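Read the structure below first, then the notes.
The values are calculated or read from the model by the stated rules, or taken from the named source; none is laboratory data. Predicted, not measured: the structure shown is a model, and the values here were computed from it. Here the Cβ positions follow ideal geometry from the backbone for every residue, glycine too, while neighbour counts run over all protein chains shown. These accessible areas exclude ligands, DNA and RNA; they are computed on the full protein's heavy atoms, side chains included. Shrake-Rupley method; radii C 1.70, N 1.55, O 1.52, S 1.80 Å.
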Amino acid sequence: MGLLNKLDDPYYGGGIILGKVEDILNWGRSKSDWYLQFGLACCAIEFMAMNASHFDFMRFGCIPRTSPRQADFIIISGTVTFKMAERIKKLYEQMAEPKYVISMGSCSNSGGPYWEHGYHVLKGVDRIIPVDVYVPGCPPRPEALEEGMIRLQEKINQQAIFNKRKRIAEEDKQKELIINN
Amino acid sequence: MLAQEIYEKLKAEFGDAIIEFKQEPFFDPFVQVAPEKLFDISLYLRDTPELDFDYLSLLGGMDYKENLGVVYHLYSIKLKHSFILKVTVSKDNPVVPSVERIWRSADWHEREAYDMFGIRFEGHHNLIRILCPYDWEGFPLRKDYVQPDEYHGMKVPY
């Protein structure tokens with residue numbers, strides 16, 4: 001029936017699966033993303049709900065880490081004030097590569113309700129660190145964060161590991177061709 | 001005790017330092033006092049047995065455009081009555097005596113009023129910014145505050 005049954009039967013599948021090493025590595029990477037335990041504002045409440053049993057973040061393979069050196073990604077969950085922005089940058093720089101960022105909620109996407117008169121709020125966390133997935137909402141429901149997590153897993157699955165620079169250069173060339181034509 | 005009675009008691013004790021008493025429908029009655037007598041008045045309000053204001057529930061800064069002010073909301077947990085004190089100071093030299101030694105809850109409230117309005121509380125043991133970063137320039141909740149263009153290389157406007 002499934003993959004495991006094929007592996008069980010040495011004559012049917014031969015106990016062999018053919019595939020690229022890269023796919024397996026990416027599969028492993030995307031299914032065991034550890035995140036930095038880091039909450040900022042009211043989005044952190046939804047984030048906590050996401051961690052609890054109803055939504056169960058751990059089924060994505062996500063385990064909270066209290067040290068940025070052990071974390072694979074960081075969820076910016078809430079308003080980024082200038083006071084906090086410097087600390088976020090410091091935390092992001094301490095994380096080991098490959099690292100990812102999910103920006104959760106309107107505040108960290110674009111400043112949210114503080115976009116005009118917020119003298120103290122950074123208008124979007126992407127002004128200081130690169131963001132992979134934006135989750136809209138004020139605050140987003142845990143389902144939305146789940147969707148964001150699935151998007152991040154898709155992104156990790158498609159990433160190049162071997163001959164990275166060569167392949168990225170080729171992709172850029174093709175993109176240029178498309179733009180020029 | 002009613003606000004009117006408290007006001008009469010204060011007036012009898014401090015005289016000219018009690019500038020104004022206002023009692024209007026739909027608004028809490030308040031007393032405007034002279035800032036230089038504020039500490040003595042506060043101490044009197046707390047230590048007189050029939051007043052017994054043992055709890056400072058709120059201390060907030062105000063910007064009246066020409067002047068700055070501080071509002072004190074007092075409450076007596078034992079006698080269940082409340083009272084409001086107000087002081088006004090000029091914008092050039094906004095100095096108000098600290099009531100931190102009378103009510104300990106004034107500590108952080110005064111630091112916040114200093115952080116947001118630049119009102120200096122004389123006698124406070126640690127008057128530094130509480131919300132903004134220590135190197136922040138200006139006092140954000142003043143009416144004439146102008147938002148900076150950048151902070152530590154980060155752009156402030158949208």
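A few comments on the model shown:
- If the condition is being within 8 Å of another protein chain (Cβ to nearest Cβ) and not aliphatic (A, V, I, L, M), then the stretch B:140-158 contributes B:140, B:145, B:147, B:148, B:151, B:152, B:155, B:157, B:158.
- In the stretch B:129-139, residue farthest from residue B:113 (Cα to Cα) [restricted to those that are aromatic (Phe, Trp, Tyr) and more than 9 Å from every other protein chain (Cβ to nearest Cβ)]: B:134
- All positions within the stretch A:109-131 that are under 20 Å from residue A:149 (Cβ atoms), within 14 Å of another protein chain (Cβ to nearest Cβ) and not aliphatic (A, V, I, L, M): A:109, A:126
- Subset of the stretch B:60-87 that is crowded, with 19+ Cβ neighbours inside 10 Å and closer than 14 Å to residue B:35 by Cβ - its residue that is nearest to the chain's Cα centre (by Cα): B:70
- Within the stretch B:41-59, considering residues that are open to solvent by 50 Å² or more (accessible area, probe 1.4 Å) and under 15 Å from the mean Cα position of the chain (by Cα), the one nearest to residue B:1 (Cα to Cα): B:55
- Restricting attention to the stretch B:17-39, the residues that are touching a helix residue (DSSP H, G or I) at 6+ places or on another chain (Cβ under 9 Å) and either of a type in the set (S, T, N, Q) or open to solvent by 40 Å² or more (accessible area, probe 1.4 Å) (or both) total 5.
- Among (1) open to solvent by 90 Å² or more (accessible area, probe 1.4 Å); (2) of a type outside the set (S, T, N, Q); (3) within 14 Å of chain B (Cβ to nearest Cβ); (4) assigned to a loop (DSSP other than H, G, I, E, B) - the single one residue A:162 does not satisfy: (3)
- Residue within the stretch A:63-82 that is away from every other protein chain (no Cβ under 14 Å) and more than 21 Å from residue A:129 (Cβ to Cβ) present: yes
- With respect to the conditions (1) of a type outside the set (A, V, I, L, M); (2) on the phi > 0 side of the Ramachandran plot; (3) open to solvent by 80 Å² or more (accessible area, probe 1.4 Å), residue B:8 lacks only one, and its number is (2).
- Where a residue in the stretch B:42-67 is more than 28 Å from residue B:140 (Cβ to Cβ) and its partner, wherever it lies, is in a strand (DSSP E or B) and open to solvent by 20 Å² or more (accessible area, probe 1.4 Å), with Cβ under 6 Å and at least six apart: B:55/B:75
- Qualifying positions in the stretch A:82-105 - touching a strand residue (DSSP E or B) at 6+ places or on another chain (Cβ under 9 Å) and of a type in the set (Gly, Ala, Ser): A:85, A:103, A:105
- The residue that is modelled with the highest pLDDT, among those in the stretch A:1-46 that are more than 30 Å from residue A:112 (Cα to Cα), acidic (Asp, Glu) and open to solvent by 40 Å² or more (accessible area, probe 1.4 Å), is A:23.
- The residues listed here are A:88, A:76; of these, the one that is within 30 Å of residue B:139 (Cβ to Cβ) and assigned to a strand (DSSP E or B) is A:76.
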